[in-house]
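Peer 1: Mind having a look at this structure? Questions to follow.
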Amino acid sequence: MGEITDFVHLYIENSDILAVKTYEIARSLQNNIKKQAPYLQGRLKRSIRTDVRLTKKFSIITGYYDEGLAPHGDYVLFGTQPHEIRAKNAGALKTPYGLFKKVNHPGTKPNDFLGRGLLDTIAMYG
């Protein structure tokens, strides 16, 4: 298992059915984050987890992805700047346009799948 550096919290207070609803909401949060996460090889979606902390007066649900299973998660979440990619072991990078020793990657836009999954869950139970 890897580190958890990026997450979302959902705080629920003073509910008569706190324990029952908390676990239902946690499942919804996990499913909503998975729906919002992009699918490349599926590692990011498979790494999404929820953690529940339950007391008599409140509960906290944390939604996150495991960086050990999806080390590229931060690049998806925060985006990347344009950068150069150079060939290492193979000596060339295979692209649809041929083989190259280096290519210029245009960068990627940030994708806040954690935040959108949280907002979807709040809308369901809001």
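Computed from the coordinates by the stated procedures, all read-outs in this text should not be read as laboratory data. Here the structure is a predicted model, which is why all the values come from computation and not from measurement. Here the Cβ is made from the backbone with ideal geometry for all residues, glycine too, and neighbour counts use every protein chain on show.
Peer 1: Give me the number: length gained by fully extending Ala92 to Asn31, i.e. 0.36 nm times residue separation minus the C-alpha to C-alpha distance, one decimal in nm. Let's see the in-between values first.
Peer 2: Details: separation 61, 0.36 × 61 = 21.96 nm, distance 3.93 nm.
Length gained between Ala92 and Asn31: 18.0 nm.
Peer 1: For helix 113-125, what angle does its Cα long axis make with the longest principal axis of the chain, in degrees from 0 to 90 and rounded to 10?
Peer 2: Helix 113-125 sits roughly 30 degrees off the main axis of the chain.
Peer 1: Just to confirm the number: angle between the C-alpha axis of helix 18-36 and the first principal axis of the chain, 0 to 90 degrees, nearest 10?
Peer 2: With both axes taken from Cα atoms, the answer is about 20 degrees.
Peer 1: If you don't mind, another one. Put a dot 7 Å past each Cα toward the Cβ at Ala123 and Thr108; how far apart are the dots in nm?
Peer 2: About 2.4 nm separates the two model spin labels.
Peer 1: What range in the chain is the longest one free of trypsin sites (Lys or Arg not before Pro) that are in a loop by DSSP and have at most 12 other Cβ atoms within 10 angstrom?
Peer 2: Numbers: sites that count: Lys56, Lys57, Lys88, Lys101.
Answer - 1-55.
Peer 1: Which aspartates and glutamates have a Cα lying under 14 Å from the Cα of Lys57, excluding residues fewer than 8 positions away in the same chain?
Peer 2: Glu13, Asp16
Peer 1: A follow-up question, please. Based solely on C-alpha atoms, express the radius of gyration and the Dmax of the chain in angstrom.
Peer 2: Answer for the chain, Rg first and Dmax second: 18.9, 63 Å.
Peer 1: Report the chymotrypsin sites (Phe, Trp or Tyr not before Pro) located in the stretch 1-103 that are in a DSSP loop and have at most 15 other Cβ atoms inside 10 Å of their Cβ, or state none.
Peer 2: On the way: sites: Phe7, Tyr11, Tyr23, Tyr39, Phe58, Tyr64, Tyr65, Tyr75, Phe78, Tyr97, Phe100; in loops: Tyr39, Tyr97.
Counting only loop positions with at most 15 other Cβ atoms within 10 Å, the chymotrypsin sites (Phe, Trp or Tyr not before Pro) in the stretch 1-103 are Tyr39, Tyr97.
Peer 1: Something else: Please arrange Val20, Val52 by counting, for each residue, the other beta carbons lying within 10 Å of its beta carbon, fewest first.
Peer 2: Details: Val20 10, Val52 16.
Final ranking by Cβ density, sparse to dense: Val20, Val52.
Peer 1: Can you give the alpha-carbon Rg of the stretch 71-126 over 2.2 N^0.38 Å, where N counts its residues? Each step should come with its number before you reach the end.
Peer 2: On the way: Rg = 17.3 Å, N = 56, 2.2 N^0.38 = 10.2 Å.
It is 1.71.
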